[in-house]
Amino acid sequence: EVLQNHVLEAQVFHTEFGTGVAILTGALRFSLATNIDDLKLRRLPEVPGLQKPPACWAVLSQDRVTVVLLAVGQELFLLDNTSCSVLVRGFGMPSPLPQEKFCEFNTGIRSPPKQMIPSHPPHSTTLLLEVAASSWHWDQVPPEAGAAPHPRSVPVPAEASQEIFRIASMAPGALLLEAQKEYEKESQKADEYLREIREQQLLPEAVGQCIEAAGYEHEPETQKSLLRAASFGKCFLDKFPPEGFVRMCQDLRVLNAIRDYQIGIPLTFTQY
């Protein structure tokens, strides 16, 4: 099936047996192997009504049990070796398993969720962070519904990042980022973007936005792109204090170093 339908998505996880891998194929079926050194792919049951890849999914493994959690619309499914069960139904519909919602925070973001983060509290009950389309939920999932790996950091985008990367954004930082990209292409559009920012006297704010957003990005290439834009914008300012830019470069060096797999501490900028 994997050869015929290819791999759409994959996730690596860790178990007592070693390093495992879970894949979602083009046939929208999940398969997993708990140890890549002794590769035995096991296909999980079909998810009813799944017609496109789920918005987000996560692998949970503990005590020789590995399951897959996936979000489809307003429902949360649990896949184990033998069955597919519903953990959370749509709004207004009763959940099949008892759960307690600890808190809810409206992010104001309308885009679909990208990630579910399981964590491991000091007591035996598993905590699941469910990222909904417009809010963050901390839900308490009973231990029998699945287990969780060690805690992982939750990256929460800063307002500057949201402003810059919002679709069709006209934020000063977004225009400065585009100006820098066009400058690298030797395009006259760079001058047009830059003139628009300067006419509104927003160039200092644009530089500051790019510096701040870089701190909240986890991909080094995105960090570099934002810092290049900030450096480009600074060239056109007579008096822009360099301390913030230099400090951010230093901070990101530290964060990227400890996020490396050999150290494995995925600290967020806020936590740092």
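The values are calculated or read from the model by the stated rules, or taken from the named source; none is laboratory data. Note that the structure is predicted; figures quoted are calculated from it, not measured. Reconstructed Cβ throughout: ideal geometry from the backbone, glycine too, with neighbour counts over all protein chains shown. With ligands, DNA and RNA removed, areas are computed over all heavy atoms of the protein, side chains included. Shrake-Rupley method; radii C 1.70, N 1.55, O 1.52, S 1.80 Å.
Points worth noting:
- For Lys189, a cut-off of 12 angstrom between C-alpha atoms picks up these aspartates and glutamates, skipping any fewer than 8 places away in its own chain: Glu178.
- Protection proxy ranking, highest mean first, for peptides 50-56, 226-232: 226-232, 50-56, where packing is the per-residue count of other beta-carbon atoms within 10 Å, averaged.
- Only protein heavy atoms count here; on that basis, with a 1.4 Å probe, Tyr183 has an accessible area of about 130 Å².
- Dimensionless Rg ratio for region 194-263, taking C-alpha atoms and the 2.2 N^0.38 Å reference: 1.21
- Taking the protein heavy atoms of region 183-244 in the context of the full set of protein chains, the accessible area attributed to carbon and sulfur is 45 percent at 1.4 Å.
- Distance between region 175-203 and region 206-268 - C-alpha centres, whole angstrom: 20
- Modelled label reach - Val12, point 7 Å along Cα→Cβ, region 216-258 residues with backbone N closer than 19 Å: 218-221, 256-258
- At full extension, Ala257 and Gln162 could sit 31.7 nm farther apart than now, given 0.36 nm per residue minus the alpha carbon distance.
- Multiplying the residue separation of Glu1 and Arg64 by 0.36 nm and removing their Cα-Cα distance gives an extension gain of 20.1 nm.
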